[in-house]
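Reviewing the structure listed below.
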Amino acid sequence: MKVPPAFRSTKGILGTAIVLIVLSIAILAPILIPADWATRMDMRARLSPPTWAHPMGTDQLGRDLMFRVLLGAQTSIFIAAAAVLMSIVIGLPLGLISGYMGRTTDNVLMRLVDTLLSFPALLLALTISAILGPNLQNTIIAIGIAFTPFLARIIRGEALRVAQMPYVEAARTAGNSDLRLITLHILPNIMPAVIVQATISLAFAILAEAGLSFLGLGTQPPDASWGLMIQASRDYLDRAPWTALVPGAAVALTVLGLNMFGDALRDALDPRTRGAA
């Protein structure tokens, strides 16, 4: 299979490699690493710097940071993926109906979306999480709702563009129903934009989960997540900076990889940039 030029660039190769590694860790770490390796406490080795026994050091309870980060990848990636999926499930029909129907329907739906867009995404997620209570399920709901208006806006714009294409007009003239036009002619042609936006949204969702967990409104102990690990390291930054640097580096590297992968994916799927990639 021919690899698109966008994925043969340095950015595409690095982004793809990072994404594949992180996904592999998130999927395989719970299987390959016994759970007690990440929760086993050794108070004699608490706040130990990186050594052969603990390559990334230990935290304030003597737990191995490397295993904590590996298992924390599962929680962070799961929350981000579930939140983005939720935003697509809600935002896709909103954007499609708004872009296709237009007029009154478009005005009503987009004013609701604009109301949500008037709040910063993280602030909206914080508010929802504070109302619902801090746990894994509510973190997914909070981030998913906060990201829905962005996806709805992008999908609506793509639906407006595709709905005016000659082949859609021809299908409408031929007597196709609105449902058939949306599902067979509009939806398949806006999916590249949806996929690219979902990939980039994953990066922001990971940052949002880390922010919520850091503030105590996201993942709760005993679950391990990168944001929760950073939050727990606040009181030890002066004498054990690795307790924050290790999970912080995991967040930064994952977000960087997803952004580079999303850019390469956009270049590969967008016909306007495909030839220039």
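The values are calculated or read from the model by the stated rules, or taken from the named source; none is laboratory data. Here the structure is a predicted model, which is why all the values come from computation and not from measurement. As a convention, Cβ positions derive from the backbone with ideal geometry for all residues, glycine included, and neighbour counts pool all protein chains shown. What goes into the accessible areas is simple: the full protein's heavy atoms, side chains included, and nothing from ligands, DNA or RNA. Shrake-Rupley method; radii C 1.70, N 1.55, O 1.52, S 1.80 Å.
Overview of results
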| item | result |
| --- | --- |
| Cβ pairs under 7 Å, 6+ apart, first in the range 49-62 and among the β-branched types (Val, Ile, Thr), second open to solvent by less than 60 Å² (accessible area, probe 1.4 Å) and not in a loop (DSSP other than H, G, I, E, B) | THR58/ALA45; THR58/ASP64; THR58/LEU65 |
| Residues located in the range 225-265, provided they are more than 16 Å from VAL19 (Cα to Cα) and among the aliphatic types (A, V, I, L, M) | LEU228, MET229, ILE230, ALA232, LEU237, ALA240, ALA244, LEU245, VAL246 |
| One residue from THR105, THR115 being touching a helix residue (DSSP H, G or I) at 6+ places or on another chain (Cβ under 7 Å), farther than 22 Å from ILE200 by Cβ, β-branched (Val, Ile, Thr) and surrounded by fewer than 17 Cβ atoms within 10 Å (Cβ to Cβ) | THR105 |
| Residues within the range 118-147 that are open to solvent by 10 Å² or more (accessible area, probe 1.4 Å) and in contact (Cβ under 8 Å) with a residue 40 or more places away in the chain, tallied | 11 |
| Among (1) part of a helix (DSSP H, G or I); (2) touching an Asp or Glu at 6+ places or on another chain (Cβ under 9 Å); (3) buried (at least 18 other Cβ atoms within 10 Å of the Cβ) - the single one PRO192 does not satisfy | (3) |
| Test result for LEU151, in a helix (DSSP H, G or I), hydrophobic (A, V, I, L, M, F, W, C), open to solvent by 30 Å² or more (accessible area, probe 1.4 Å) and touching a helix residue (DSSP H, G or I) at 6+ places or on another chain (Cβ under 8 Å) | no |
| Residues being polar (S, T, N, Q), open to solvent by 70 Å² or more (accessible area, probe 1.4 Å) and farther than 20 Å from TYR236 by Cα - total across the range 23-76 | 1 |
| Elements of type helices (runs of 4 or more DSSP H) contained in the range 58-132, each with 1 or more residues being more than 28 Å from ASP223 (Cβ to Cβ) | 65-101, 103-117 |
| Lone qualifier among ALA171, ALA249 - being open to solvent by 40 Å² or more (accessible area, probe 1.4 Å), assigned to a helix (DSSP H, G or I) and over 23 Å from ALA152 (Cα atoms) | ALA249 |
| Residues satisfying the stated conditions in the range 211-235, i.e. open to solvent by 40 Å² or more (accessible area, probe 1.4 Å) and more than 22 Å from the chain's Cα centre (by Cα) | PRO222, ARG234, ASP235 |
| Boolean, ARG44 is more than 23 Å from the chain's Cα centre (by Cα) and part of a helix (DSSP H, G or I) | yes |
| Members of the range 218-231 found to be more than 13 Å from SER76 (Cα to Cα) and at pLDDT below 85, listed by number | PRO221, PRO222 |
| Condition check for THR243: over 20 Å from GLY57 (Cα atoms) and either open to solvent by less than 20 Å² (accessible area, probe 1.4 Å) or not in a helix (DSSP H, G or I) (or both) | no |
| Checking ALA268 against (1) hydrophobic (A, V, I, L, M, F, W, C); (2) at pLDDT below 85; (3) open to solvent by 40 Å² or more (accessible area, probe 1.4 Å), the condition it does not meet | (3) |
